[in-house]
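Shown next, in structure tokens, is the structure this report addresses.
The values are calculated or read from the model by the stated rules, or taken from the named source; none is laboratory data. Fair warning: this is a prediction, and the values are worked out from it, not measured in the lab. Cβ sites come from the backbone with ideal geometry, for glycine too, and all protein chains shown count toward neighbours.
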Amino acid sequence: MLLVADETDETALAPRTTASVDRYEQNFMAGEGTVLYRAKDRAHWSLAALVLGLGGVSVAALWPLAPLAAIASFALVALTWLLFAVLRVTVSEGAVNIQLGLWGPRIPISSIISVVATTYKFSQFKGWGIRISPRFGTMYNMPGDGGNALKIEWRDGDRQRTTWVGTREADSLVRVIRAAQKEAIRASPEHAALDAADDT
């Protein structure tokens, strides 16, 4: 179930229909506490046709000379496609999980410095997939996001990182992450100690 914050109250979480939990998420993207948001975007069929078409061309070109190399080439193209065909994002009470294929960060809610819905230009990252830019940070995207993105600034130990996710649902993600941050603050021992001090 997808949970998104109500438009008028960032701390209120309301259910909305979305894709069900799949086995991959259960095994490799377990969050901390209740999952508040989940999304799974698949690459458009036209991109699959292009990638597999290129694989077919390579097979046709190599087959007369080296049949085994042709088969290996197509298998490599197909495997690459499978690894990067799905972009998943989950937000739980304790973490934001981002994965394109098998790769992506787990960002603790407590380590997030800022989160915003924004736009980006193709020239910033010069492509799709997992794109690393020394200037802008790391992008996880695929065609179809319309240049819309979620941008998260977060602490990873002593380092500050910037992670982008290409998504048309960035506004919903921002509301849910901010609501999770507020809940984490309320549940923190420091906040509980302040509440106890106020009661005395």
Candidates VAL115, VAL174, filtered to the one that is under 20 Å from THR34 (Cβ atoms) and assigned to a strand (DSSP E or B)
VAL115
I need every pair where a residue in region 75-97 that is at negative phi has its Cβ under 6 Å from the Cβ of a residue that is in a strand (DSSP E or B) and aromatic (Phe, Trp, Tyr), sequence separation at least 6 or different chains.
VAL91/TYR37
Looking at (1) assigned to a helix (DSSP H, G or I); (2) of a type in the set (Val, Ile, Thr); (3) modelled with pLDDT of 95 or more, which is the one condition that is false for ILE185?
(3)
Among the residues of region 98-157, write down those that are of a type in the set (S, T, N, Q) and over 14 Å from the mean Cα position of the chain (by Cα).
SER110, SER111, SER114, THR118, THR119, SER123, GLN124, SER133
What are the pairs with Cβ atoms under 7 angstrom where one residue, in region 59-73, is among the aromatic types (Phe, Trp, Tyr) and the other, located anywhere, is surrounded by 14 or more Cβ atoms within 10 Å (Cβ to Cβ)? Sequence gap at least six, or different chains.
TRP63/ALA70
From the set of residues in region 157-185 that are small (Gly, Ala, Ser) and within 18 Å of THR138 (Cα to Cα), which is surrounded by the fewest Cβ atoms within 10 Å (Cβ to Cβ)?
GLY157
Count - residues of region 131-143 that are surrounded by fewer than 17 Cβ atoms within 10 Å (Cβ to Cβ), of a type outside the set (Phe, Trp, Tyr) and touching a residue at least 24 places away in the same chain (Cβ under 8 Å)
1
Do you know which residues across region 59-84 are within 18 Å of the chain's Cα centre (by Cα) and crowded, with 17+ Cβ neighbours inside 10 Å?
TRP81, PHE84
